[in-house]
């Protein structure tokens, strides 16, 4: 190759590297604020990994699968917060304490998945950023009317409540979200729960600081009921049961929060499977 | 024709030869007889030898036979054969005449639409009409006998003439009437009993032993019965509804499965629309194609029982043109629709979705109350839908009183070792003795996987548990299903007709309905259905052979069902199921209702007959059991019968001494209408408190219409009566023959008559014929 030829080749290479680098930087910048389409693609990718993943699969025949509802949201917060560690650690406790025949691994499912009905118990988090598609709304409405049970956890403050209430209004129009008092049987399905505790996230829990986030000072358990008065959606607002499960093994995370979170989680499942 | 020719030839009718004896009046003694025989033989042989050569073999045989027969006949006549008969003495014997006065005699199946009763009226006319026209049977009888006329239907009474008959009797009691008349004439010389009837008995109806006993009794007393059959044994065209098979009590909201027998004659190829009505409202219809071969078929109607209380169900088919009898196109039956809820116990060994969705399915059914007990951890139970704080507080019941308080038990996924041996025995007794229903569901700890193979419950299950049912493989400390399989569920033929699995009346539509449902899953290894079990639903999986998914059977007094899948709830939750679909709810409710609805109460009561006559004895029966469902024999049991007029009468019921816990008493209705019977039991062995058991049943007086059902004439029964007593069956126009037969009866006051037989025309003709044959052969062969 001539000298000029070498120079030309070097120029092309350098140009290509520089251009490619710029592209990469632009892509990572846009990943911070993904579009809805990108979120759906990412979710689908996550689902593909989860559903057909070589590690676990989803062996049929168990009585219970601890199932996370995967929904569309805006911002980086979404259904997969604390996933899958919280789920796995909760399942260890659930399987040890009760005699429920439960699948030992996490199980996430898109709201639009035709198999959604196989999992009559759904857990989901960070609904303050929920932005369901119309298909998801229809699928969830149908699921709840058929007898499915949804537990909502880990969202804080007025702004996130407003978003959640709006989304639920789309799913179950006209149905109020009501306070559930402590004499409701859900608090005695397995463990006797006599107070509603605010469970902090891992950082605040370990530091021992305030337990609230944003303006969510008081923990609340609320619910949406069907025409027959049966609980369809159970809402844990201003509290983060998921973190208490996820960090239960951490010696710095206060034990009483984890104990409470396990008691609540188990009560929800036993109640959902009987009512 | 034949009979009169016979009588001319032999001088007496055939019956005379049947009844009489033939004797020989030998005039010369044996020596002369022997001499005559030898002489005849010598004469015959000589003639035979001389002619032998010219005749050939056949001719010799013919000639020899004719001559021998002629000589034998003359010899026989010389022995003076006589027919010895015992003839009744005129006007010294009694003939009982039984005239059928039941309503079936109104049936106009005679020629030109004449009723059956016409033959009776013609045979026994009034005094004024007597002597006119053809001699009636009654007149002929009176010439020779002293006649005693009786009318009979459900009762028997003396009458002076057929004009007293109204043909309004509600039943035909052939055997009872015969016995009563035989009793009444016992002290008289009876030549026989003439029975004029269509033979359509509505009392004995198939009670063979009664029939045999009565006929044997008449025969022993030497009474011959001469039935005169009227009516036709088969109608040209008729449709008849049989007695519907309806339970005396059903639970409100249940789907009633009514089996209605139906018999059609001469209507082949036609279709009949059967309607079921509840107080005038059509509640079910079914269309059947008639085969018209008079074979009884059955229509199955599924009708909802919607309103509580006493219901009168009517069934009807619109009459076809040309039908002889239309009264038998209707049937009615009384039924009590109960709104006292069934109590069931559902026990799950671990939390399962099946329980949640079963509870949701039955939540809308006020007649089903399912108390749920879930073992959520070792030794920890969660109770749902219990009636009070005490119910199931100690876990699964361990006393008969507690367990037997339920009408049905559902066992989910719970291993056999959870139960004590006593509890397992109790569960078996719950079905076999208490009469409750047991439903077993599939699951990781159910059936063989739950270790039930060698337990008392294995007897109760409608399927066998295979020997090789693998012990659950352990993954950590809990079982993992090893035989997991998905099954597409379809109804069987039996399932398409069963009130549990029949979701659509049309079998094809029913199958399609199931075909559109998502597959269910099973984890248990199961054996074959037991011989007495009925498979209602079956599932097709990877293997070619379908396996039973829902199967039912009777076990002792109760019912047993197995649902071998573990997730019927998928039919509620699957994404392919429309929100408004009720398949899961309907199937679950029907299954539980079917399971428990026939569970007997501690006090059961019945009244027989359910349709009685006014003044007829109605037997009230009760079965009394204590809280452990053990029969009580020393209770105080009283029935209160409320008549249609509101008058209440008390009837004490006493232990029958024939069966444990069985009591009976008799009530005689004094007026027509629906009577309600309420029974209370108290005293020894039963707690004296407000919960003293009470039970209610119903019966109806004065509406018996049996006469129009199975109303074809039954000459076979009449012929059987005749044969068994030594009489003979006659048609109405055989009055003379009947009289002859009666005259030759060996019963009553008789006189012996000897009739010479040597001088009858037959002997002369025979002799003449034989000699003519002899002459003919000789003439043909040119012999002298």
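All of the numbers you see were taken from the coordinates with simple rules; none came from a lab. For clarity, every value in this text was computed on a predicted model and none was experimentally measured. So basically every Cβ, Gly included, is an ideal-geometry build from the backbone, and we count neighbours across all protein chains shown.
Some observations on this one:
- In terms of its C-alpha gyration tensor, the stretch B:213-266 comes out oblate, because a/c is 1.5 or above while a/b does not outweigh b/c.
- Based on C-alpha pairs under 8 angstrom that are at least 6 apart in sequence, chain B has a relative contact order of 16 percent.
- Relative contact order %, the stretch B:165-265, counting alpha carbon pairs below 8 Å whose residues are six or more apart: 26
- Cα gyration tensor shape of the stretch B:86-200, rounded if a/c is under 1.5, else prolate or oblate by comparing a/b with b/c: oblate
- Note on the protein assembly as shown: antiparallel DSSP beta bridges, both residues inside, total approximately 70 percent of the bridges counted.
- Based on the Stokes-Einstein relation at 10 °C and a viscosity of 1.306 mPa s, and on the Kirkwood radius from alpha carbon pairs, the protein assembly as shown is assigned a translational diffusion coefficient of 42 µm²/s.
- Shielding value for B:573-583 is 4, the average number of Cβ atoms from other chains within 10 Å of each residue's Cβ.
- The residues B:293, A:87, when put in order of fewest to most other Cβ atoms within 10 Å, stand as B:293, A:87.
- Three-way shape call for chain B based on the alpha-carbon gyration tensor, with the a/c threshold at 1.5: prolate
- Peptide-level mean, for B:348-358, of C-beta atoms on other protein chains within 10 Å: 6
- Exposure proxy order (Cβ contacts within 10 Å, fewest to most) of B:413, B:332, B:588, B:254: B:332, B:254, B:588, B:413
- Relative contact order %, the stretch B:478-556, counting alpha carbon pairs below 8 Å whose residues are six or more apart: 36
- Panel values: the stretch B:535-666, Kirkwood radius from alpha carbon pairs, Stokes-Einstein at 25 °C and 0.890 mPa s, translational diffusion coefficient 127 µm²/s.
- Relative packing of peptides B:773-779, B:324-330 - highest average C-beta neighbours within 10 Å first: B:324-330, B:773-779
- Arranged from fewest to most other beta-carbon atoms within 10 Å of their beta carbon, B:402, B:367 become B:402, B:367.
- Computed [θ] at 222 nm, helices only, for the protein assembly as shown once each DSSP H run of length n ≥ 4 contributes -39500 (n - 2.57): -9500 deg cm²/dmol
- For residue B:483 and residue B:654, a Förster radius of 51 Å and the Cβ-Cβ distance give a FRET efficiency of 0.35, rounded to the nearest 0.05.
- Per residue of peptide A:59-67, the mean number of Cβ atoms on other chains within 10 Å of the residue Cβ is 5.
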